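Trainee: Please see the structure below; I have some questions.
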């Protein structure tokens with residue numbers, strides 16, 4: 001059997017005194033989608049940032065296709081070119097149109113010719129329902145459109161895995177569906193994904209595994225039916241109970 | 001029933017619109033009246049002052065104005081040339097200073113220290129003093145023979161003085177760009193240098209364009225300071241003329257020439273800082 005796409009081994013990360021990740025072990029196989037659930041501050045975003053080397057971990061290792069990427073000798077830029085990241089607040093480049101946002105990685109990180117990058121960029125925008133919006137500045141796009149541009153941008157570099165950081169949290173409720181549809185579409189294509197999310201219904205539908213994070217540790221890991229319907233731990237039950245009260249399930 | 005409601009509402013509306021018009025008329029009337037009082041009062045104060053006939057003769061003499069204007073204008077072209085040269089140099093040097101100061105490469109530490117000292121010192125010395133020190137100090141060193149021209153020395157002094165200010169403006173602009181932009185640039189696979197060049201700098205510089213232009217309005221005026229070490233720019237020419245003819249009108253001519261350049265620049269700054277520019 002081939003190596004998993006992503007593997008985390010005992011990853012720890014602290015910001016000053018605050019330990020955010022306290023020994024995370026997680027394996028993500030090819031074509032697999034893992035949903036990270038847990039309260040705000042449980043370490044979901046930090047975990048994703050550590051995998052994309054936007055944060056330096058303190059201990060443990062992260063492997064991408066069997067290769068340790070958290071070794072200080074590894075070129076972080078080269079690693080990031082093999083991964084895609086979608087931010088909660090989209091983080092589109094506001095001084096560029098939608099098409100330029102999608103092209104910039106291909107052009108400057110992957111050295112594609114301008115015409116090729118543009119052709120692929122247009123195709124990607126069309127695929128995510130954004131044909132005709134190529135020149136739209138992020139300011140003039142709806143939140144849902146912005147996040148779909150951001151997904152297209154992350155996907156443009158043909159990443160081995162996509163890291164999605166609460167991609168619907170900043171959206172008005174009526175715009176959540178179109179963004180989730182884009183993610184669903186990528187999943188159907190076999191994209192390997194790690195998805196930090198508060199959308200339990202979506203996690204149940206798309207994820208092959210759900211990991212429940214609590215205080216920097218994965219307390220529960222398994223298929224959605226198991227973790228979400230028959231949680232074994234009190235912490236998981238309390239977390240899901242609170243979401244149920246808030247009408248989020 | 002609904003019809004009466006609609007009529008009642010439209011009456012309210014007419015009433016409101018009439019009130020709005022009354023308010024606008026009243027505002028315009030007050031503005032006009034206060035302008036007439038203030039401007040008229042000031043004019044009356046100047047024109048009825050005991051020294052006015054004398055001042056009109058020595059400062060606003062049309063004959064002297066037309067006589068001196070061509071020479072002052074010639075001098076002013078030197079101002080414009082120095083201004084353009086210094087501005088170009090300042091834009092580049094200040095950007096380099098700002099980039100060195102925000103870098104965190106360990107190897108650049110000595111350079112970082114040096115630029116910090118440079119920015120502090122150049123901003124801390126009055127521009128007029130810097131012009132004087134460089135204008136007379138550098139030739140005295142006798143490093144280059146013959147000594148550089150006073151125009152060049154003055155331009156160097158202005159460049160040093162303004163590079164310090166402008167680098168701080170750049171730095172503020174760069175730091176105002178949200179960290180998430182840099183993260184996003186790295187996440188699509190760009191290097192730190194590419195992220196700076198393609199994502200952070202374009203946004204940061206756009207944001208500080210109004211204060212940058214503002215500094216250049218100030219620079220345009222400060223070019224007159226090089227006159228103290230000799231070059232015959234507009235102010236110096238006017239001064240010489242005044243000394244020879246005991247008439248200050250050429251200084252008014254010089255002032256008008258400065259205004260002809262700085263006022264349009266100031267209007268551009270206003271536009272950039274307007275509601276549209278402020279949104280981003």
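The values are calculated or read from the model by the stated rules, or taken from the named source; none is laboratory data. It should be emphasised that the depicted structure is a prediction, and the values quoted were computed from it without experimental measurement. Neighbour counts are summed over all protein chains in view; Cβ atoms, including those assigned to glycine, are modelled from backbone coordinates with ideal geometry.
Trainee: Does at least one position in segment B:92-115 carry a residue that is part of a helix (DSSP H, G or I) and farther than 30 Å from residue B:170 by Cβ?
Mentor: The answer is no, given that none of the residues of segment B:92-115 is part of a helix (DSSP H, G or I) and farther than 30 Å from residue B:170 by Cβ.
Trainee: Read through the list (1) surrounded by fewer than 22 Cβ atoms within 10 Å (Cβ to Cβ); (2) on the phi > 0 side of the Ramachandran plot; (3) within 13 Å of another protein chain (Cβ to nearest Cβ), then give the number of the only condition that residue A:60 fails.
Mentor: Going through the list (1) surrounded by fewer than 22 Cβ atoms within 10 Å (Cβ to Cβ); (2) on the phi > 0 side of the Ramachandran plot; (3) within 13 Å of another protein chain (Cβ to nearest Cβ), residue A:60 breaks only (3).
Trainee: Kindly indicate whether residue A:40 is part of a loop (DSSP other than H, G, I, E, B) and within 19 Å of residue A:218 (Cα to Cα).
Mentor: Yes: the conditions hold for residue A:40.
Trainee: For segment A:79-95, name all the residues that are outside any strand (DSSP E or B) and either modelled with pLDDT under 95 or in contact with a helix residue (DSSP H, G or I) (Cβ under 7 Å, 6 or more places away or on another chain) (or both).
Mentor: Those that are outside any strand (DSSP E or B) and either modelled with pLDDT under 95 or in contact with a helix residue (DSSP H, G or I) (Cβ under 7 Å, 6 or more places away or on another chain) (or both): A:80, A:81, A:87, A:88, A:89, A:90, A:91, A:92, A:93, A:94, A:95.
Trainee: Let me ask you something else. Of all residues in segment A:220-234 being in a helix (DSSP H, G or I) and under 24 Å from the mean Cα position of the chain (by Cα), which is nearest to residue A:33 (Cα to Cα)?
Mentor: So the residue we want is A:224.
Trainee: Within the bounds of segment A:3-17, is there any residue that is within 17 Å of residue A:83 (Cα to Cα), in contact (Cβ under 8 Å) with a residue 40 or more places away in the chain and in contact with a helix residue (DSSP H, G or I) (Cβ under 8 Å, 6 or more places away or on another chain)?
Mentor: Yes, segment A:3-17 contains at least one residue that is within 17 Å of residue A:83 (Cα to Cα), in contact (Cβ under 8 Å) with a residue 40 or more places away in the chain and in contact with a helix residue (DSSP H, G or I) (Cβ under 8 Å, 6 or more places away or on another chain).
Trainee: Just need a number here: residues in segment A:128-157 that are assigned to a helix (DSSP H, G or I), out of contact with any strand residue (DSSP E or B) (no Cβ under 9 Å at 6 or more places or on another chain) and within 14 Å of another protein chain (Cβ to nearest Cβ).
Mentor: Residues flagged as assigned to a helix (DSSP H, G or I), out of contact with any strand residue (DSSP E or B) (no Cβ under 9 Å at 6 or more places or on another chain) and within 14 Å of another protein chain (Cβ to nearest Cβ) within segment A:128-157 amount to 6.
Trainee: Consider only pairs whose beta carbons are under 6 Å apart and that are at least six residues apart or on different chains; among these, list those whose first residue lies in segment B:206-233 and is more than 14 Å from chain A (Cβ to nearest Cβ) and whose second residue is outside any helix (DSSP H, G or I) and surrounded by 17 or more Cβ atoms within 10 Å (Cβ to Cβ).
Mentor: Pairs that qualify, where the first residue is more than 14 Å from chain A (Cβ to nearest Cβ) and the partner is outside any helix (DSSP H, G or I) and surrounded by 17 or more Cβ atoms within 10 Å (Cβ to Cβ), are B:227/B:233.
Trainee: Does residue A:170 qualify as being away from chain B (no Cβ under 11 Å) and at pLDDT 95 or above?
Mentor: no
Trainee: With the checklist (1) within 10 Å of chain B (Cβ to nearest Cβ); (2) not in a loop (DSSP other than H, G, I, E, B) in hand, flag the one item residue A:47 doesn't pass.
Mentor: If we test residue A:47 against (1) within 10 Å of chain B (Cβ to nearest Cβ); (2) not in a loop (DSSP other than H, G, I, E, B), just (1) comes out false.
Trainee: Among residues belonging to segment B:123-136 that are surrounded by 11 or more Cβ atoms within 10 Å (Cβ to Cβ) and free of Cβ contacts under 8 Å to residues at least 40 places away in the same chain, point out the one that is nearest to residue B:164 (Cα to Cα).
Mentor: Per the criteria, the residue is B:125.
Trainee: In addition: I need the full set of residues from segment A:80-127 which are more than 7 Å from chain B (Cβ to nearest Cβ), over 21 Å from residue A:137 (Cα atoms) and crowded, with 19+ Cβ neighbours inside 10 Å, in order please.
Mentor: Answer for segment A:80-127, where residues must be more than 7 Å from chain B (Cβ to nearest Cβ), over 21 Å from residue A:137 (Cα atoms) and crowded, with 19+ Cβ neighbours inside 10 Å: A:83, A:84, A:112.
Trainee: Residue by residue through segment B:215-263, note down the ones that are at positive phi and out of contact with any helix residue (DSSP H, G or I) (no Cβ under 6 Å at 6 or more places or on another chain).
Mentor: Of everything in segment B:215-263, just one residue is at positive phi and out of contact with any helix residue (DSSP H, G or I) (no Cβ under 6 Å at 6 or more places or on another chain), namely B:246.
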